[in-house]
1. State which residue pairs qualify: first residue in contact (Cβ under 8 Å) with a residue 40 or more places away in the chain and more than 9 Å from Ser39 (Cα to Cα) and inside the range 78-92, second residue aromatic (Phe, Trp, Tyr) and part of a helix (DSSP H, G or I) in any location, beta carbons under 8 Å apart, and separation of 6 or more residues or different chains.
2. In the list Ser71, Ser117, Ser31, Ser59, which residue meets the criterion of being modelled with pLDDT under 75 and of a type in the set (S, T, N, Q)?
3. When both residues are 6+ apart or on different chains and their Cβ atoms are under 7 Å apart, which pairs have a first residue that lies in the range 116-131 and is farther than 11 Å from Leu14 by Cα, and a second that is assigned to a helix (DSSP H, G or I) and at pLDDT 65 or above?
4. Given (1) within 15 Å of the chain's Cα centre (by Cα); (2) of a type outside the set (S, T, N, Q); (3) outside any helix (DSSP H, G or I), identify the lone condition not met by Ile84.
Amino acid sequence: MDSVTERIDLINSLELIGRERNEKVEMHLQSNFYILLLSCIAFSITFIIVLLAAITEVSGIDFRFNWNKISLIVLVSINAYDAIGNALYKRIILKHLKFLETSSANNFDLQLNDDLSDIASILHKPLRRNIILGALMIIILIGCITQTFMDNQFIYYKFFIIPTLLFYTLASLN
C-alpha cells in the first residue's frame, strides 16, 4: 500500500469526518458548507445578543435582552462556536481528501502521514488542547444551568459575565 492510499484511509478513519470510503467527497463538502454557514449565522446572532446583554448589564442600561435571562443563549452561543471549529477542520480535511483522490501524486513522505495522525488525535481531545478554555466552558455551563433551574434567581449569575467574555476573548485568540 502506498503512502497516498494510507493517507486516504487515515482521513476516512477520522471520527471528525464520519464518512465511508465509497461515499462522495463532494456530497460531504456541500453538507459541510451548509453546516458551517448555519453555525456562523447562529454564532453571530447569539454572540451579538450576549455581548449586548453583558454591556448593558455592566453599564446599567435597560435592554430587551437582560443578562439574567439569556443563560440558554450563552450556551447556544458557545455550542455554535464549537460547531464552527469542527466544521472548519472537517472542511479543510475534506478538501485535502478531494485533492488526494484527484491528484496524480503517488507518494508522500511517511512522516507527513504520522504528523496527520498526531494532529487528528489532538483534534479529538479539544479540552486537553486548551485547558483554560475547557475550564471556562465548564464554569459557564455550571452558571447557566444553575441560573436556568433556579428560575433566574441565581444572584451570582451577573458575575458570570467575566468568564463568558474571557472565554470569547481567549477563543478568538486561539
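1. Once the first residue is in contact (Cβ under 8 Å) with a residue 40 or more places away in the chain and more than 9 Å from Ser39 (Cα to Cα) and sits in the range 78-92, its partners that are aromatic (Phe, Trp, Tyr) and part of a helix (DSSP H, G or I) give Ile78/Phe167; Arg91/Phe33.
2. Going through Ser71, Ser117, Ser31, Ser59 in turn, just one is modelled with pLDDT under 75 and of a type in the set (S, T, N, Q): Ser117.
3. Leu127/Gly134; Arg129/Ile122
4. Every listed condition holds for Ile84 apart from (3).
The values are calculated or read from the model by the stated rules, or taken from the named source; none is laboratory data. Only a predicted model underlies this, so the values are computations on that prediction, with no experimental measurement involved. Using ideal geometry, Cβ is built from the backbone for each residue, glycine included, and neighbour counts are taken over all protein chains shown.
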